[in-house]
Structures are given as structure tokens and as C-alpha cells.
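Just below is one structure, and these are the notes that go with it.
Here, each number is a calculation from the coordinates, and none is a lab measurement. Bear in mind the structure is a predicted one, so any value in this text is a computation, not a measurement. Here the Cβ positions follow ideal geometry from the backbone for every residue, glycine too, while neighbour counts run over all protein chains shown.
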Amino acid sequence: MSDQARKPVLYYIHDPMCSWCWAMAPVLQELHRRLPEAVEFRRLLGGLAPDTDEPMPEDLREMVQGSWHRILQHVPGTELNFDFWTKCEPRRATYAACRAVIAARRQGAAFDAPMNTAIQRAYYTEARNPSDEETLVELADEVGLDVAAFRDALRSEDVNRELEEEIRQAREMDVDSFPALVYRDRNGIRPIPVDYTNAEPMLRAIDTALAKSE
């Protein structure tokens, strides 16, 4: 086994339309910046909700908005624009947004995080609906992608299969809610408890795991 294959990996499992992932974004950025050089960082799409054309039922709308309110209580400073719930027709459908991240990645790995962030900002701060292909194509243009190539990739079975594979990997790591952090090394996998306001506890847990893998 090569040194690269043995290198510990920290997986960040997420969905662009997961509100708690948006709440974690600032501390995740710090975590990534301060991650030990010995640990590789990989983003993995977990797929929150499959495709549907059905409007979100009222009880589900209330549940998701309730989650937004809890975020404002527990992660102060998170920007959430509740105009989304009156300006858009919400659907419980996030796979298209996940495929959009993969389609962006096809034009260069450097587009992965910016496309994810563009989707989050559109959804949570600009009252735009990333469940709609039209919105995703607009965002692709805004982040500087080749729009025609992006649209083709977004609709392709190849990109859909890649999403299914990432979802499978997440499930194999026993991840079924987002965001999640999983540390993997030659000894196996271990979850890293997520902290939405402070990178220090996560960094300490990673340092502990790294020490045990050496």
C-alpha cells in the first residue's frame, strides 16, 4: 500500500441544501485551514432528499423553518432569509443541487466548494430555489463555469451515478444526517463530533485520532 493510500482522511459529508451545513460553514473553513498537513480533507455529498416535483407539504415546511429558527438560536450570526418561504415554491428535493456540485467539479476540482457556497448563498440569503435547474444554471454562470457543459453534465447519468456512489460511501460510514465529519485511517473510521461554533474541539479530536494512527 502506498504512502498516499495510508494517509489519514477527514471526510466532510454534507448537502448544499442542508441548513446546518450552512450554519457550520465559517467554522468548517477554519477547521480546514488548520487541519494537520498529515490529514487529507475530502468533501463527500450525502444526499439529503431525492428528486421530486411535488411541493413541500405544509407540515414539512414548518419543520424546516423551525430548524432555521433553532440555528439562529444555537449558531448566532448565521444569515437566513425567510423570504424564501414566500417567494419560492419549496420542494423537498436536494439531489439536483448535489449533482450541480459534481457537475461543477467536472470542470475542475477548484469549482467544488465555490459551487456549493453559491448554492447555499442563493438558498439561505437570496431567496432563490436550488431545487430548480434554472437556478443552478444561473449559479454555474455566476461562478464562472462553462454553462453549456455544466447543463449537460447536470442532466447526465454519469453525474447521477457519481452522486449515488458518494451517497453509498456516506451510508457505509454510518452517516445519515448532515453535516458529519468522519476520520479514516489504517485502523478504520471514527466519527468526529461536529461543533458549529468552535473548531478547537474538532481539531483536538483529530489530533487524538492522528496520534493513534502513527
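Could you give the semi-axes, largest first, of the ellipsoid that matches the range 170-214, computed as the square roots of 5 times the alpha carbon gyration tensor eigenvalues and rounded to whole Å?
18, 17, 4
With θ set to phi - 60°, apply the Karplus curve 6.51 cos²θ - 1.76 cosθ + 1.60 along the range 122-136 and write out the HN-Hα couplings as whole Hz, x wherever there is a Gly or Pro.
For the range 122-136, the Karplus-derived couplings read 4, 5, 8, 10, 10, 6, 10, 9, x, 6, 9, 4, 4, 5, 5 Hz, x marking Gly and Pro.
Using the C-alpha gyration tensor of the chain, what are the square roots of 5 times its eigenvalues, in whole angstrom, with the largest one first?
They are 29, 21, 15 Å, listed largest first.
In whole Å, how far is the Cα centre of the range 183-214 from that of the range 152-171?
So the two Cα centres are separated by 27 Å.
Using every Cα-Cα pair within the range 123-214, state what percent have a distance larger than 17 Å.
67 percent
Over the range 1-125, what number does the Rg to Rh ratio reach, with both radii from the alpha-carbon atoms and Rh per Kirkwood?
Radius of gyration relative to Kirkwood radius: 1.02.
Taking the convex hull of the alpha carbon atoms in the range 76-186, what volume per residue do you get, in Å³?
Given the Cα convex hull of the range 76-186, per-residue volume reads 136 Å³.
Which residues in the range 78-106 place their backbone N less than 18 Å from a point set 7 Å from the Cα of Arg61 along the Cα-to-Cβ direction?
Only 81-94 fall inside the zone, counting backbone N under 18 Å.
Under the rule of at least 5 residues apart or a separate chain, name every residue whose amide H is placed under 5 Å from the amide H of Ile192.
For Ile192, whose amide H was placed from the backbone, the distant partners under 5 Å are Leu181, Val182, Tyr183.
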